[in-house]
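Participant: Quick one: this structure, given as structure tokens, is what I'll be asking you about.
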Amino acid sequence: MIRVDKLHLQYVGAEAPTLTDISFTVARGELVVICGPTGCGKSTLLNCLNGTLHHESSARIQGTVELAGRAMESLSVPEVCRLAGAVFQNPGSQLTASTAELEVAFGMENQNLERATMRERIDTALAATGLSDCRHQRTETLSGGQQQRLVMACVLALQPRMLLLDEPISQLDPQGAGEILRLLDELKSQGGMTIVLVEHRLEDVLPIADRVLLMEEGRLVATMTREALLADLSPLRRLGLNLPHLPDLFERLGRVERPLTAEAAPMLRVQREVPAVVGERGAVLIEVREVTYGYSRRGAALFEGLSLSLRRGDRVALLGSNGAGKSTLLHLLAGALRPWKGSVERPDPAPGCGLVLQNPDLMLFCESVREEVAFAPHHAGVPAGKAGELVERTLARLGIAELGDRAPFALSRGQRLRTAVASVVSREPAFLLLDEPTTGQDREQIDRLMEGLEAAYDVVLFATHDVDTAARHANRILLLHQGRVLADGAPHEVLDNAELLARAAVRQTSLQQYARRLGVRAFTVEALQEVVRP
Amino acid sequence: MSSPMHRMDVRLKMTIGFAMSMVAILVDSLLMLGAGAVIGALLFAACRPTRGQSRLVIFSFTLLVWGMIFSQALFYQNFPRHAILSLLPPNVLMPEGLQVYAEGIRHGLVQSLRLIMLGLTGYAICFSTEPGHFLQGLLAIRVPFGLAFMAVTAIRFLPIFATEYQAVRLAMRLKGYRPLRRGVRDTIRTEISSLRPVLLGAIRRAQEIALSIQTRGFVLGAPRSSLVERRFGAGQWLTVMMVALLIGALLVCKLLFLLYQYQLFYVPALRPLYAFVRAWL
């Protein structure tokens, strides 16, 4: 269905090629996952398959890309659309019409189809994506998962023979991601759709994948079946990618089984119980008292009488679905929003707390990384000499010293995030709040960032969808649902309660589900490895 | 929301908007412009604005009217003019002193009423029309799809840009930035740089939209069908025709009057019309 042979791509003005000597094929009905470290050329490869680079870019392309036996150069844009539907990362930027129905119709209108045909296909596409009830709903009122399913409906209405998806679940909460993956599985198993998926959340996508293509620095370094990859996870380890938890555990234990789900995993014997880590709780640093706040005073309040305290030594993971109020709580804690009622008491004197926003790009407005990091000390009136030392120390701590003279917007996503964090940290706040710091990051990058921050701050609070990161880096979990704190406690108390997590649309990882089956309170591969017998 | 303005066909709204702008250009009479402003206010009320929207409109127009009348009253340069109040006598600070002129107040009021009628009508149309309906309306009046799509997409993403700019301001505030604290030059530099992330975000988003519509087969200028049937009822046609007739008549009357005023064309039989235009328009 797809054949790529000796593909080589270099952008105009670039020093090195983005893609070098890429060759692979994808058979009809196969689901192939492309993964690799950030910036390795995955998205560029996908854009070669959906024709946008061949038709609209001045990049120098050599080699062959064939869809259904036809060379890309011989296909017009509408012909490519009929063969391959493309879905991208951010659903909000892919929707252009006001209602779901008009959005689905857009592609068919471009193909000049009859009105009756369009209506028929809209019915089918919305039904296939479970959005029939949202037909006349405004697109901006749909949840993230629904918006991404709508994008899929738009593509399916064009009746393509293959789907090309670029990190379609990276911005979705676990529930939204689950909806998309179930849909892909159905399309593959029932409709025989050929699917190519760029994704680094291998834990989520491997259960439905047939093959995996591993990329590194623009090259295809391995093409293997799912089973072959699971048999030897060393290529994933070497590239610092997110490992599927249960296969990782079983490989560490020297076992041959590579289960992807808790149900498929053989029961291991538990040697001892995981000791519950109950650290001494430090003094209260931030006190939230009876806070009431909402998006609009005309509507219902999101938080009503919310009270909680953050203590010295707290490493808090704020879990909850999209719209649970995680970002709003962070803004209230940072003093960026003022409660309608109640109070948030923070330590004196200023600067108090640092907040890293969900979109770090909106925090970068200077011409160089060094200027960005120097912005806060400069505006705090720190003398030039001391500010210079502070800036260099912060750059080194965040591992971006060599990027000091680069323009922030020209960096990779991970580097931009670290620059945004550095620009906040250089103000020397007493505690740090991070809004979704793990989005689009590899495991290695996440661990390096979080470990550095945990060591430096009295309180670190981070909002995330990633239960694994919460388990690895938090000593306290706050579970938020529709503005209410459903649970507040140590990870072993909160993450073990699957029913409570489900109420907040948070899903346990396969490892946590397996640990529960074994009757052990272990939430990371390392913790479970220590207590089970191989 | 369902209000009379929300239910109105977007083409009819565009016609009303066009008619109001023609009236604002053609009419100089204080009374008629006042009537136009009242119609604008009625249209605005008919879209059932929220309290916040009403507050925004009242605040902005109060500032506008005050600024316009005050500046015209003080700096009116045409003759004849009659001072009704002396703020500064001649040769104190300025050779002519500072006077409030009656004609200036009238002129300021005329300009304000023009802006109010146009502004209120514009607000009413914007608050009551979804971007998708705008697109359908523009397509129905034969605006090329590429142009209409670009215009509507730009409008649709304006609130997102506003939200992003607020986030940038918040980030700057949280990093300790306060305007003017570090001097005017520093402030100007920082304020200009605050636009950078929003502009870069806009470019990134534009690229994503372009990629999205291209991969759904959009080719500029290629023939395309439409899911929405653009029906325009007899009542709506009648209204458009009446509005067009009225604007046409207004235009002809005003043109004949101007020809007469500049002594280029005079017909004695049209004297009642000249008198009507002088008195009412």
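The values are calculated or read from the model by the stated rules, or taken from the named source; none is laboratory data. Keep in mind the model is a prediction, meaning the values are calculated, not measured. Neighbour counts are summed over all protein chains in view; Cβ atoms, including those assigned to glycine, are modelled from backbone coordinates with ideal geometry.
Participant: Restricting attention to helices (runs of 4 or more DSSP H) lying wholly within the range B:171-281, give those where 1 or more residues are under 30 Å from A:Ala422 (Cβ atoms).
Facilitator: Working: elements: B:184-193, B:195-214, B:234-261, B:271-280.
Of the helices (runs of 4 or more DSSP H) lying wholly inside the range B:171-281, those with at least 1 residues that are under 30 Å from A:Ala422 (Cβ atoms) span B:184-193, B:195-214.
Participant: Could you list, in sequence order, the residues of the range A:379-408 that are within 11 Å of chain B (Cβ to nearest Cβ), buried (at least 20 other Cβ atoms within 10 Å of the Cβ) and part of a helix (DSSP H, G or I)? Don't jump to the end; show me each part of the working.
Facilitator: To start, the set of residues in the range A:379-408 that are within 11 Å of chain B (Cβ to nearest Cβ) comprises A:379-382, A:407-408.
Next, only the ones that are buried (at least 20 other Cβ atoms within 10 Å of the Cβ) stay: A:382, A:408.
Within the range A:379-408, A:Pro408 is the sole residue that qualifies.
Participant: Okay, moving on. Would you pick out the residues in the range A:490-526 that are within 16 Å of A:His245 (Cβ to Cβ), in a loop (DSSP other than H, G, I, E, B) and of a type in the set (S, T, N, Q)?
Facilitator: Within the range A:490-526, A:Gln508, A:Thr509, A:Thr524 meet the criteria.
Participant: So which residues in the range A:67-86 are surrounded by 22 or more Cβ atoms within 10 Å (Cβ to Cβ) and facing chain B (nearest Cβ under 7 Å)?
Facilitator: Of everything in the range A:67-86, those that are surrounded by 22 or more Cβ atoms within 10 Å (Cβ to Cβ) and facing chain B (nearest Cβ under 7 Å) turn out to be A:Cys81, A:Ala86.
Participant: Just to check your reading of the model, which residue among B:Ala162, B:Ala148 is in a helix (DSSP H, G or I) and more than 22 Å from A:Thr99 (Cβ to Cβ)? Let's see the steps before the verdict.
Facilitator: Values: B:Ala148 fails: more than 22 Å from A:Thr99 (Cβ to Cβ).
Sole residue among the options that is in a helix (DSSP H, G or I) and more than 22 Å from A:Thr99 (Cβ to Cβ): B:Ala162.
Participant: Next question. Report yes if some residue within the range A:159-176 is in a helix (DSSP H, G or I), within 16 Å of A:Gly130 (Cα to Cα) and more than 14 Å from chain B (Cβ to nearest Cβ); otherwise report no.
Facilitator: Yes - at least one qualifying residue is present in the range A:159-176.
Participant: Residue check, B:Leu87 against (1) assigned to a helix (DSSP H, G or I); (2) among the aliphatic types (A, V, I, L, M); (3) at pLDDT below 90, all met but one. Which one?
Facilitator: (1)
Participant: Quickly run through the range A:451-463 and pick out the residues that are out of contact with any strand residue (DSSP E or B) (no Cβ under 6 Å at 6 or more places or on another chain) and in contact (Cβ under 8 Å) with a residue 12 or more places away in the chain.
Facilitator: Hits for the range A:451-463 are A:Glu451, A:Gly452, A:Ala456.
Participant: Okay, moving on. Restrict the check to the range B:35-45 and report whether at least one residue is closer than 24 Å to B:Ile125 by Cα, outside any helix (DSSP H, G or I) and at pLDDT 80 or above.
Facilitator: No, the range B:35-45 has no match at all.
Participant: Taking the options B:Phe218, B:Phe265, name whichever one is over 30 Å from A:Val382 (Cβ atoms) and either facing chain A (nearest Cβ under 9 Å) or in contact (Cβ under 8 Å) with a residue 60 or more places away in the chain (or both).
Facilitator: B:Phe218
Participant: Return the pair list, or none, for Cβ contacts closer than 7 Å from residues in the range A:432-450 that are more than 15 Å from A:Gly320 (Cα to Cα) to residues that are surrounded by fewer than 20 Cβ atoms within 10 Å (Cβ to Cβ) and of a type in the set (D, E, K, R), at least 6 apart or on different chains.
Facilitator: Once the first residue is more than 15 Å from A:Gly320 (Cα to Cα) and sits in the range A:432-450, its partners that are surrounded by fewer than 20 Cβ atoms within 10 Å (Cβ to Cβ) and of a type in the set (D, E, K, R) give A:Gly440/A:Arg413.
Participant: Next question, about the same structure. Can you name the residue in the range A:409-441 that is under 19 Å from A:Asn242 (Cβ atoms) and part of a loop (DSSP other than H, G, I, E, B) and, of all such residues, is farthest from the chain's Cα centre (by Cα)?
Facilitator: Selected residue: A:Ser412.
Participant: On to the next question. Against the conditions (1) under 21 Å from A:Cys154 (Cβ atoms); (2) modelled with pLDDT under 90, where does A:Ala68 fall short? Just the number, please.
Facilitator: Here A:Ala68 meets the rest and fails (2).
Participant: Let me ask another. Going through the range A:320-335 one residue at a time, which ones are under 14 Å from A:Gln358 (Cα atoms) and out of contact with any Cys (no Cβ under 6 Å at 6 or more places or on another chain)?
Facilitator: If the condition is that a residue be under 14 Å from A:Gln358 (Cα atoms) and out of contact with any Cys (no Cβ under 6 Å at 6 or more places or on another chain), then A:Asn322, A:Gly323, A:Gly325, A:Lys326, A:Ser327, A:Thr328, A:Leu329, A:Leu330, A:His331 are the ones that fit.
Participant: Can you tell me which residue among B:Ala234, B:Ala222, B:Ala210, B:Ala206 is under 27 Å from the mean Cα position of the chain (by Cα), among the aliphatic types (A, V, I, L, M) and surrounded by fewer than 16 Cβ atoms within 10 Å (Cβ to Cβ)?
Facilitator: After ruling out the rest, the residue left standing is B:Ala206.
Participant: Out of the range A:87-143, which residues are of a type in the set (S, T, N, Q), over 26 Å from B:Ile160 (Cβ atoms) and at the interface with chain B (Cβ under 7 Å from one of its Cβ atoms)?
Facilitator: Selection gives A:Gln111, A:Asn112.
Participant: Please work out which residue is farthest from B:Glu229 (Cα to Cα), limiting yourself to the range B:122-138 and to residues that are among the aliphatic types (A, V, I, L, M) and more than 9 Å from chain A (Cβ to nearest Cβ).
Facilitator: The residue in question is B:Ala124.
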